[in-house]
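Bear in mind these aren't lab numbers, they're just calculated from the coordinates by the rules spelled out. Note that the structure is a prediction, hence the values are computed from the model and not measured. Here the Cβ is made from the backbone with ideal geometry for all residues, glycine too, and neighbour counts use every protein chain on show.
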Amino acid sequence: MRTPIIAGNWKMNNTIKEALTLIEGIKANELNENVEAVVCVPFTAIKEVNALLKGTNIKLGAQNMHWEDNGAFTGEISPLMLKELEVDYCIIGHSERRQYFCETDTTVNKKIKTALIYGIKPIVCVGETLEQREDGKAEEIVRNQVINGFEGISAEDIKEIVIAYEPIWAIGTGKTASSDDANAMCSFIRDTIGELYGDEKDIVRIQYGGSVKPNNVNELMNKSDIDGALVGGASLKADDFVKLVNF
Ligand code: 13P
């Protein structure tokens with residue numbers, strides 16, 4: 001059985017003060033212990049959020065990292081620095097980073113490899129644009145992202161990776177992929193992992209992301225190949241995040 005994983009991606013939201021208020025709000029509630037809850041917070045809030053999460057089962061995540069340990073990369077944060085802050089997870093290759101910050105499958109691949117060296121679990125994002133879907137290319141695009149992104153990753157390491165299928169047209173738009181379409185793509189991703197890694201495909205957890213809300217999470221989570229959700233907007237409200245974890 002794969003442990004369900006609900007991760008909040010706060011994106012570029014919340015000052016330290018706001019972050020702590022949100023974490024306090026989440027902590028005031030009972031969370032389902034059989035679901036792994038993760039908050040992926042801005043770099044600036046990681047230290048304080050970590051301190052507040054001590055003694056809870058909620059895991060800590062970052063939203064990006066560089067692939068080098070250190071060096072002349074102005075403005076970047078390295079996995080070494082994130083490890084020092086006790087980060088458990090790091091989102092890698094989010095579509096917003098691919099779109100606005102020139103990330104490619106090649107940089108995603110490098111980041112995954114370094115994250116794994118430091119024991120930081122990558123949440124690797126894949127997904128197609130609306131145009132690609134309408135052109136019937138969604139599977140081809142996602143398949144290439146998986147194959148190229150995971151090049152040179154061992155079967156042992158693939159088990160540590162979470163994949164997030166986030167169709168770009170569903171992010172922040174209020175348009176969720178139908179649960180059947182979302183499951184079909186997650187199942188296709190699992191088959192692709194099967195081609196690359198055999199039986200490990202049954203261990204790798206695959207999330208759906210894109211306008212996941214308390215009112216649609218249950219239907220999505222009941223699907224055979226959806227093991228979790230990567231949530232933007234709804235993860236910024238304590239009550240909603242708690243409802244998502246307790247789907
Ligand atoms: P929304 O839940 O706001 O659509 O964002 C999804 C997302 O991009 C999570 O990484």
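Per DSSP H run of at least 4 residues, take -39500 (n - 2.57); add these up for the chain, divide by its residues and hand me the 222 nm value, nearest 500 deg cm²/dmol. Could the numbers behind the result be given before it?
Working: 11 runs with 98 residues, N = 247.
My calculation for the chain gives -11000 deg cm²/dmol from helical runs alone.
Exposure proxy shown here: for 111, 83, 121, the number of other Cβ atoms within 10 Å sets the order, fewest to most, as 83, 121, 111. Its Cα gyration tensor gives the chain an equivalent ellipsoid; the semi-axes, largest first and in whole Å, are 25, 22, 17.
Restrict the search to region 112-149; then list the trypsin sites (Lys or Arg not before Pro) that DSSP places in a loop and that have at most 16 other Cβ atoms within 10 Å of their Cβ. Show your work: numbers first, answer last.
Working: sites: 113, 133, 137, 143; in loops: 137.
Passing sites in region 112-149 are 137.
The ranking of 67, 10 from fewest to most other beta carbons within 10 Å of each one's beta carbon is 67, 10. Using the Cβ-Cβ distance between residue 180 and residue 144 with R0 set to 22 Å, the FRET efficiency from 1/(1 + (r/R0)^6) comes to roughly 0.40. Its relative contact order, with pairs defined as Cα atoms under 8 Å and 6+ residues apart, puts region 39-97 at 38 percent. FRET efficiency for the residue 191 to residue 17 pair, using the beta carbon distance and R₀ = 45 Å, is estimated at 0.50. When each full DSSP H helix of the chain is screened for a Cα extent of at least 15 Å along its own axis and an average Kyte-Doolittle hydropathy of at least 0.5, the helices passing are 16-27.
Sort 187, 178 so the one with the fewest other Cβ atoms within 10 Å of its own Cβ comes first.
Details: 187 15, 178 12.
Sorted ascending by nearby Cβ count, the order is 178, 187.
Annotation: average projected area of region 142-183 is 3.8 square nanometres, based on the convex hull of Cα atoms across all directions.
If contacts are Cα pairs under 8 angstrom and at least 6 residues apart, what is the relative contact order of the chain in percent? Could the numbers behind the result be given before it?
Working: 481 pairs, mean separation 54.0, N = 247.
Normalised by residue count, the contact order of the chain is 22 percent.
Once backbone amide H atoms are built at 1.01 Å from N, residue 231 has 7, 8, 9 as its partners under 5 Å, excluding neighbours fewer than 5 places away on the same chain.
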